[in-house]
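The values are calculated or read from the model by the stated rules, or taken from the named source; none is laboratory data. Quick caveat: nothing in here was measured; it's all calculated off a predicted structure. Backbone-built Cβ (ideal geometry, glycine too); neighbour counts: all protein chains shown. The protein model used for the area step is the full one, side chains on, heavy atoms only, and it has no ligands, DNA or RNA in it. Shrake-Rupley method; radii C 1.70, N 1.55, O 1.52, S 1.80 Å.
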Amino acid sequence: MFQKEEVERILDQARRMDSQFEIHGVSEHQYKLKPPVDLTFVREVEKKYQFFLPKDYVQFITEVGDGGAGPSYGMYQFRNLTRKGKTPKTERLYEEFRRNLAKELRLRPLELEDVEYFCFSEEEYKQNPEKFFAASSECYNTDMNIENGFLPLGSYGCGTEYGVVVTGEKHGQVFRVNIEGCYEWEADSFQAFYQNWLDFISDTEQFQKELDMWRGIRNR
């Protein structure tokens, strides 16, 4: 379980080191978490749309923070899942996305011949081919550009998001997904995924190297 005080201590340390928010994406969240969301609201949404969030993610958003500080551009707020669209068409798409969360996400292993279509390097694939997947065609929502049973948690930018599986055999696992629909496994759980990021930003030596790299890029 995450402890709010410990998480905030790590975020405060990172904010002091990167006070100008120079690392990619950080200016969006500035190492700050949004207020937690009420557990009653979470359970009502789950019940209405018939999907089940992983326990570790529920604990985080209800006790630590609902969105904000996280990898790259940070995490989305779960409370925004039920937001209304500005037009009837947008609202229809939002509602379709919410209802598709109850449908099972079925992933197939990616083959080498798929690499070019899914727009990542062959070298990267060959290093860890077991990490790469694609959703079966019936799971794909072409309007929303997202698959069934997958809840986006945040953005890496450039059409790439990270999220958690909420329905099916890979329930609770975290994947990176790009706009072409390639799923890259990131962690067995939200706990492991977010803790990996906290461990990175709390390692002052590694964090300073990352900060120096981005300063160099910006100062070219």
Exercise. Can you tell me which of 72, 27, 19 is at positive phi and of a type in the set (Ser, Thr, Tyr)?
Worked result: 72
Exercise. How many of the residues in segment 82-113 are open to solvent by less than 60 Å² (accessible area, probe 1.4 Å), in contact (Cβ under 8 Å) with a residue 40 or more places away in the chain and charged (D, E, K, R)?
Worked result: 1
Exercise. Which ones in segment 42-58 are surrounded by fewer than 16 Cβ atoms within 10 Å (Cβ to Cβ) and part of a helix (DSSP H, G or I)?
Worked result: 43, 44, 47, 48, 55
Exercise. Can you name every residue in segment 149-182 that is in a strand (DSSP E or B) and over 27 Å from residue 47 (Cβ atoms)?
Worked result: 155, 156, 157, 160, 176, 182
Problem set entry | segment 170-185 residues that are at positive phi, paired with ones that are in a strand (DSSP E or B) and among the β-branched types (Val, Ile, Thr) (beta carbon under 8 Å, 6 or more apart) | 172/164; 172/165
Exercise. For segment 66-80, what are the residues that are over 13 Å from residue 197 (Cβ atoms) and of a type in the set (Gly, Ala, Ser)?
Worked result: 67
Exercise. Filter segment 197-210 for residues that are under 22 Å from the mean Cα position of the chain (by Cα) and in contact (Cβ under 8 Å) with a residue 24 or more places away in the chain; which is nearest to residue 173 (Cα to Cα)?
Worked result: 197
For this session: Name, by its number, the condition in (1) open to solvent by less than 10 Å² (accessible area, probe 1.4 Å); (2) in a helix (DSSP H, G or I); (3) free of Cβ contacts under 8 Å to residues at least 40 places away in the same chain that does not hold for residue 194.
Result: (3)
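Let's see how each residue does on (1) out of contact with any Cys (no Cβ under 9 Å at 6 or more places or on another chain); (2) open to solvent by 40 Å² or more (accessible area, probe 1.4 Å):
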site	(1), (2)
154	yes, no
162	yes, no
167	yes, no
172	yes, no
176	no, yes
199	yes, yes
204	yes, yes
218	yes, yes
Exercise. In segment 11-30, which residue that is in contact (Cβ under 8 Å) with a residue 40 or more places away in the chain and part of a loop (DSSP other than H, G, I, E, B) is most open to solvent (accessible area, probe 1.4 Å)?
Worked result: 24
For this session: Report, by residue number, each residue of segment 59-81 that is in a loop (DSSP other than H, G, I, E, B) and either closer than 18 Å to residue 150 by Cα or open to solvent by less than 50 Å² (accessible area, probe 1.4 Å) (or both).
Result: 64, 65, 66, 67, 69, 70, 71, 72, 74, 76, 77
Exercise. Would a scan of segment 84-97 turn up a residue that is within 19 Å of residue 162 (Cα to Cα) and at pLDDT below 95?
Worked result: yes
